[in-house]
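The values are calculated or read from the model by the stated rules, or taken from the named source; none is laboratory data. Because the structure is predicted, anything quoted here is derived from the model rather than measured. Here the Cβ is made from the backbone with ideal geometry for all residues, glycine too, and neighbour counts use every protein chain on show. Keep in mind that these areas ignore ligands, DNA and RNA; they rest on the heavy atoms of the full protein, side chains included. Shrake-Rupley method; radii C 1.70, N 1.55, O 1.52, S 1.80 Å.
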Amino acid sequence: MVARCVIGDTVVDLWGGWDAFCESDFSSISRVALCTAVHLMCTLVRMGYLLLAAAIAAEVGATTAMKYSDGFSRLAPSLLTVLGYLLSFGLLAQTLKTVSVGTAYAIWAGVGTAAIATIGIVFLGEGMTVAKAAGIALIILGVVVLNLGGAH
């Protein structure tokens, strides 16, 4: 079992997982400090992507609410739109503490766009065209390539 953690440009492979790493043959003080530091960094990186997912969900919710706001003439959807975007930008700002801005923004914009296009097709009666399907596929492919290229 391998626990892998990417911290900036550094990849840390922990053979045997966290427990084996934390029980490695270091002096007791350095072992505890090193284990804690690496585990904390890996948790923060993962937390960054969790916050990014929440930012995307808030942005998608806000954009969907905007559709129902009827040009901001309906109060409840208009408030949901504003609150959703505030929450989304706040979460994105927190994400940028541990995820590079280029990667975070590419994922945020790409996944959000693909999600909104899918919501439009599935729930709002918007048509699916070959161009729209290809665009969504290219967005998803772009996010995958960006992450495989080590852009965290």
TODO: Would you mention how many residues in the stretch 90-131 are among the polar types (S, T, N, Q), modelled with pLDDT of 90 or more and surrounded by 18 or more Cβ atoms within 10 Å (Cβ to Cβ)?
DONE: 1
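Check Val12, Val82, Val45, Val6 and return the single one that is open to solvent by less than 50 Å² (accessible area, probe 1.4 Å), among the hydrophobic types (A, V, I, L, M, F, W, C) and at pLDDT 60 or above. Steps first, please.
Values: Val12 fails: at pLDDT 60 or above; Val82 fails: open to solvent by less than 50 Å² (accessible area, probe 1.4 Å); Val6 fails: at pLDDT 60 or above.
Testing whether each residue is open to solvent by less than 50 Å² (accessible area, probe 1.4 Å), among the hydrophobic types (A, V, I, L, M, F, W, C) and at pLDDT 60 or above leaves just Val45.
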Open item on the list: Checking the conditions here, which among Gly71, Gly61 is within 16 Å of the chain's Cα centre (by Cα) and either at pLDDT 60 or above or of a type in the set (Asp, Glu) (or both)?
Closed with: Gly61
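Considering only residues of the stretch 60-79 that are touching a residue at least 24 places away in the same chain (Cβ under 8 Å) and not hydroxyl-bearing (Ser, Thr, Tyr), which is least open to solvent (accessible area, probe 1.4 Å)?
Taking the stretch 60-79 and keeping what is touching a residue at least 24 places away in the same chain (Cβ under 8 Å), we get 60, 62-64, 67.
Restricting the remaining residues to those that are not hydroxyl-bearing (Ser, Thr, Tyr) gives 60, 62, 67.
Numbers: Val60: 19, Ala62: 1, Lys67: 126 Å².
Applying the filter and picking the extreme gives Ala62.
Quick test for you: out of Leu86, Leu91, Leu79, pick the one residue that is closer than 12 Å to Tyr49 by Cα and out of contact with any His (no Cβ under 6 Å at 6 or more places or on another chain). Steps first, answer last, please.
Values: Leu86 fails: closer than 12 Å to Tyr49 by Cα; Leu79 fails: closer than 12 Å to Tyr49 by Cα.
Among Leu86, Leu91, Leu79, only Leu91 is closer than 12 Å to Tyr49 by Cα and out of contact with any His (no Cβ under 6 Å at 6 or more places or on another chain).
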- [ ] Residue by residue through the stretch 85-117, note down the ones that are more than 12 Å from the chain's Cα centre (by Cα) and outside any helix (DSSP H, G or I).
- [x] Lys97
- [ ] Determine whether Ala134 is in a helix (DSSP H, G or I), on the phi < 0 side of the Ramachandran plot, in contact with a Gly (Cβ under 9 Å, 6 or more places away or on another chain) and hydrophobic (A, V, I, L, M, F, W, C).
- [x] no
